[in-house]
1. Given the condition surrounded by fewer than 19 Cβ atoms within 10 Å (Cβ to Cβ) and under 22 Å from the mean Cα position of the chain (by Cα), answer yes or no: does some residue in segment 232-244 qualify?
2. Search segment 189-201 for residues being surrounded by 18 or more Cβ atoms within 10 Å (Cβ to Cβ) and under 21 Å from the mean Cα position of the chain (by Cα), and hand back the single one that is nearest to ALA295 (Cα to Cα).
3. Residues that are of a type in the set (Gly, Ala, Ser), under 20 Å from THR213 (Cβ atoms) and in contact with a His (Cβ under 6 Å, 6 or more places away or on another chain): list the strands (runs of 3 or more DSSP E) wholly contained in segment 265-345 that include at least 2 such residues.
4. It is to be established whether one or more residues within segment 17-33 are modelled with pLDDT under 75, in a helix (DSSP H, G or I) and farther than 20 Å from PRO247 by Cβ.
5. I want to confirm something. Restricting to segment 152-180 and keeping residues that are basic (Lys, Arg) and in contact with a helix residue (DSSP H, G or I) (Cβ under 8 Å, 6 or more places away or on another chain), which single residue is nearest to ALA125 (Cα to Cα)?
6. Among (1) of a type outside the set (Phe, Trp, Tyr); (2) exposed (fewer than 15 other Cβ atoms within 10 Å of the Cβ); (3) out of contact with any Asp or Glu (no Cβ under 8 Å at 6 or more places or on another chain), which single condition is GLU345 missing?
7. Quick check on segment 124-132. Is at least one of its residues within 15 Å of the chain's Cα centre (by Cα), closer than 27 Å to GLY310 by Cα and not in a helix (DSSP H, G or I)?
8. Could you list all residues from segment 61-100 that are in contact (Cβ under 8 Å) with a residue 24 or more places away in the chain, assigned to a helix (DSSP H, G or I) and farther than 21 Å from PHE124 by Cα?
Amino acid sequence: MSLRCAARLAAASILIGSAWAGDPEADWQAVRALDAGPANRPRTQTEARSIALDHLQRQETALRSFLAAHPTDARVFEAQLRLARLLQMRGGFDRSEKALNESRAIMAGLEKTATPEQRVELDFAAVTRLMRTIGQPSSTRRNELLSAARKFRAAHPGDRRIAALFAEVAALFDNEPKVKVALLTEADMLAVEPDLKGRIADDLRRVALLGQTVPLQFSSIQGQEVKLSDYRGKPVLVVFFADFSPPATDALKRLKPALATLPKGSVEAIGICLDPQRATAEATLKEHGLAWPVACDERGWEGELVRSLGINALPTVWLFDKEGRLRSLDALEATSDQIRRLLKE
């Protein structure tokens with residue numbers, strides 16, 4: 001971490017710490033206010049990491065200060081649970097065994113003292129903890145998470161978070177559509193929030209496209225009229241990205257060398273950019289040395305093409321076969337291997 005970033009974290013800690021030991025309600029609201037996330041938006045991967053670490057430090061300082069100032073408050077259990085979760089996240093960022101060990105110790109302490117009402121929160125935390133550490137999951141890890149989610153539902157069938165939990169787990173099963181549809185269908189039956197219902201509808205719309213030809217066409221920022229049907233005879237990657245999404249720009253970095261391992265001219269790639277300005281899309285392509293035809297209608301998540309395809313997360317990378325049928329909703333995982341399989345068909 002840079003000296004500038006370290007100084008910024010120290011200053012934030014001083015500012016937060018000076019506001020504590022006051023009214024418990026006001027201090028708790030200060031903790032909750034940080035749930036909104038950092039105010040600054042990153043422009044680069046390095047900046048994104050710095051901003052994330054800065055905000056994690058602010059949250060950690062706020063929680064430790066609350067616990068020190070109000071050790072008998074009714075919200076101490078939640079504060080400790082939040083601190084354990086945050087330390088796990090920071091341990092992942094920094095690869096800090098100290099943070100991870102403290103997180104485990106806090107959870108172990110809570111397990112010993114939890115009331116029946118608090119048990120549901122610990123059980124939910126265990127599932128979300130597994131979800132945060134799953135990374136690029138194997139089939140075994142995905143099924144482990146699915147089992148944990150179903151176990152939580154069985155133990156706490158009336159919990160309001162089950163629908164959102166199942167929708168999150170379903171996101172890991174893009175390459176197992178039957179499992180994904182089953183999870184989303186269960187989530188949809190339980191969901192009541194309009195936003196969640198809309199997300200589930202998007203997810204089901206995407207799964208329904210698997211194995212189908214998709215009438216995808218657009219005018220590219222390079223001035224081309226692009227039709228997916230014009231690429232018949234070759235596999236085609238369709239990459240949904242935006243400069244405002246660090247994971248999406250990271251995906252662009254990963255895709256370029258993956259495609260370079262394939263026979264020249266054997267696969268095509270096109271992009272759909274969700275940035276609000278075409279100039280940003282152009283700059284991103286230049287930065288990554290990409291010459292793909294790219295759509296950018298400057299409407300972001302509300303663009304007609306994006307909405308019609310049910311896109312609600314970045315990065316999203318699809319793979320179409322030589323006949324123009326959608327074969328993978330998650331072509332970012334083992335990209336070159338997936339394409340090679342299609343080339344052999």
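1. Within segment 232-244, the first condition is being surrounded by fewer than 19 Cβ atoms within 10 Å (Cβ to Cβ), and the residues that meet it are 232-234, 244.
Now narrow it down to the ones that are under 22 Å from the mean Cα position of the chain (by Cα): 244.
There is at least one residue in segment 232-244 that is surrounded by fewer than 19 Cβ atoms within 10 Å (Cβ to Cβ) and under 22 Å from the mean Cα position of the chain (by Cα).
2. Within segment 189-201, the subset surrounded by 18 or more Cβ atoms within 10 Å (Cβ to Cβ) is 190-191, 199-200.
From what is left, the residues that are under 21 Å from the mean Cα position of the chain (by Cα) are 191, 199-200.
Values: ALA191: 33, ARG199: 23, ILE200: 25 Å.
Ranking the qualifying residues of segment 189-201, first place goes to ARG199.
3. Passing ranges: none, list empty.
4. yes
5. Here is the first cut: in segment 152-180, the ones basic (Lys, Arg) are 153, 160-161, 178, 180.
Cutting the leftovers down to in contact with a helix residue (DSSP H, G or I) (Cβ under 8 Å, 6 or more places away or on another chain) gives us 153, 161, 180.
Values: ARG153: 13, ARG161: 12, LYS180: 23 Å.
Taking the candidates together, the pick is ARG161.
6. In the conditions (1) of a type outside the set (Phe, Trp, Tyr); (2) exposed (fewer than 15 other Cβ atoms within 10 Å of the Cβ); (3) out of contact with any Asp or Glu (no Cβ under 8 Å at 6 or more places or on another chain), GLU345 misses (3) alone.
7. no
8. Restricting attention to segment 61-100, the residues satisfying the condition of being in contact (Cβ under 8 Å) with a residue 24 or more places away in the chain are 61-63, 65-66, 68-70, 73, 75, 77-82, 84-90, 92-94.
Cutting the leftovers down to assigned to a helix (DSSP H, G or I) gives us 61-63, 65-66, 68-69, 77-82, 84-90, 92-94.
THR61, ALA62, SER65, PHE66, ALA68, ALA69, PHE93, ASP94, listed by residue number.
The values are calculated or read from the model by the stated rules, or taken from the named source; none is laboratory data. None of the values given here were measured: they were computed from a predicted structure. Methodologically, a virtual Cβ is constructed for each residue, glycine included, from the backbone with ideal geometry; neighbour enumeration extends over all protein chains shown.
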